Amino acid sequence: MSNNAEVNARYVAIDTLRGLAMVWMTGFHFCFDLQQFGYLKANFYADPLWTWQRVAIVSLFVFCAGFSQAVAVQQGQPWSRFWKRWRQIAFCALLVSAGSYAMYPQSFIYFGILHGVALMLIVVRLSAHWGRWLWLTGAVALAMPLIAAYAHSTGSGAEFLNEKWFNWLGLIS
């Protein structure tokens, strides 16, 4: 297999996974809308059938975004191309916020999946060349919820994490 065929096969795999995630997400949101309008009786916030699907869909999207970014960095993607794609994602995140605000002004999405992906893409791009330090950084990131839970339980000044401006970090009590 030539080098070009290997690259194309990798793109097909990533695109296939991303397409699967999009179709799955569309179906999930369609069912959510059916429930919102009273055509489906389901608890999207507690029923494992729906909560695990949400986790799987989000995980698949984040995996695809990370994998794609790794391929882009490996192939030397210029920053101009990165920022062009990033602006598209950030604009869609703003559309999600605006649309959810129009429908649910009291509980709109101010930091959702697309917002997170936009932020994570910048972090990935800036840290792509850290080498072994990425392992330590990843370990710290994975430990943060435990550290935050400990700080909340001991009353060691972590109350600011419960403020709306910081709860997007996911470190709320």
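The values are calculated or read from the model by the stated rules, or taken from the named source; none is laboratory data. None of the values given here were measured: they were computed from a predicted structure. Neighbour counts are summed over all protein chains in view; Cβ atoms, including those assigned to glycine, are modelled from backbone coordinates with ideal geometry. These area figures cover heavy atoms from the full protein model, side chains too; ligands, DNA and RNA do not enter into them. Shrake-Rupley method; radii C 1.70, N 1.55, O 1.52, S 1.80 Å.
Tabulated data for the structure shown
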| read-out | value |
| --- | --- |
| Given (1) assigned to a loop (DSSP other than H, G, I, E, B); (2) modelled with pLDDT of 80 or more; (3) of a type outside the set (Val, Ile, Thr), number of the condition Ala118 does not satisfy | (1) |
| Residue selected from segment 147-168 under the condition part of a helix (DSSP H, G or I) and aromatic (Phe, Trp, Tyr), by the criterion surrounded by the most Cβ atoms within 10 Å (Cβ to Cβ) | Trp168 |
| Subset tally (residues that are of a type in the set (Gly, Ala, Ser), closer than 25 Å to Trp86 by Cα and in a helix (DSSP H, G or I)) for segment 126-146 | 3 |
| Residue list for segment 52-97, filter: touching a Phe, Trp or Tyr at 6+ places or on another chain (Cβ under 9 Å) and open to solvent by 60 Å² or more (accessible area, probe 1.4 Å) | Arg54 |
| Residue within segment 78-93 that is closer than 19 Å to Gly170 by Cβ, within 20 Å of the chain's Cα centre (by Cα) and outside any helix (DSSP H, G or I) present | no |
